[in-house]
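Asks: Pasting a structure below so you can have a look.
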């Protein structure tokens, strides 16, 4: 092991089996670190930028009703941010890493989130406006050109790819440090599952990015609809991953007997 890996190994509990577990994964990072606290603050700030009445508190019924048109957009945006927050939270709890590489990736994640929040809100606003026939959400400006429409979809895709890739890289860092972290067979399999799982939004984002430059303008909405593929792909991945975990557990039970 390198000197840095030896330092990480020295911070691990002597008896890892005494640690609390989450779905069989021994949690090495139960204590909140300064890095995790800062990440939480960044997510909280991003959420505050999504408030349904962006400029001021509504002071009449018309303004209040107009503000409530943004509720579906707000909920969907929060759901997306929640997925990425949980991805970082789970990584922090499982591995408890705070080395230089992990800090760099986490800071990059913060920057990406704060840039990504506006195209996130714009895309969901346009989606709900289309689905509700103008009852909720917000459309793109009537003056939006073909180039601008393609650009907003491309920016959204790049943001999604970047954030997903950053969570993937954090888990890849944990995989690289599996020896000093003393990951057992089940934990290694779960780490590989995170790597393949976070590859799904990266891949779908790349497809959307290609669509944003190649689809005819009449079909440009498919740049957004393609993200619904993740609902299917993630479920399939989860099913297959659980089967592998069950097989590892069965092998472990036979080995112990």
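Asks: Output the residue which, of all residues in region 140-151 that are exposed (fewer than 13 other Cβ atoms within 10 Å of the Cβ) and assigned to a loop (DSSP other than H, G, I, E, B), is modelled with the highest pLDDT.
Replies: In this case the residue turns out to be 145.
Asks: In region 1-50, how many are touching a helix residue (DSSP H, G or I) at 6+ places or on another chain (Cβ under 6 Å), at pLDDT below 85, in a helix (DSSP H, G or I) and more than 17 Å from residue 179 (Cβ to Cβ)?
Replies: Selection size over region 1-50: 1.
Asks: If you check residue 214 against the conditions, is it touching a helix residue (DSSP H, G or I) at 6+ places or on another chain (Cβ under 7 Å) and surrounded by fewer than 17 Cβ atoms within 10 Å (Cβ to Cβ)?
Replies: No.
Asks: On the basis of being closer than 30 Å to residue 4 by Cβ and part of a loop (DSSP other than H, G, I, E, B), does residue 189 make the cut? Walk me through it before giving the result.
Replies: On the way: closer than 30 Å to residue 4 by Cβ: yes; part of a loop (DSSP other than H, G, I, E, B): no.
When the stated conditions are applied, residue 189 does not pass them.
Asks: Kindly check whether there is at least one residue in region 168-189 that is under 21 Å from residue 124 (Cα atoms) and in contact with a helix residue (DSSP H, G or I) (Cβ under 6 Å, 6 or more places away or on another chain).
Replies: No, there is no match, as no residue in region 168-189 is under 21 Å from residue 124 (Cα atoms) and in contact with a helix residue (DSSP H, G or I) (Cβ under 6 Å, 6 or more places away or on another chain).
Asks: Run down 183, 170 and say which single residue is buried (at least 20 other Cβ atoms within 10 Å of the Cβ), free of Cβ contacts under 8 Å to residues at least 24 places away in the same chain and either more than 14 Å from the chain's Cα centre (by Cα) or in a helix (DSSP H, G or I) (or both). Can you show your working first?
Replies: On the way: 170 fails: free of Cβ contacts under 8 Å to residues at least 24 places away in the same chain.
Answer to the selection: 183.
The values are calculated or read from the model by the stated rules, or taken from the named source; none is laboratory data. If you're wondering where the values come from, they're calculated on a predicted model, not measured in any experiment. Ideal geometry is used to build each Cβ from the backbone, glycine not excepted, and the neighbour counts take in all protein chains shown.
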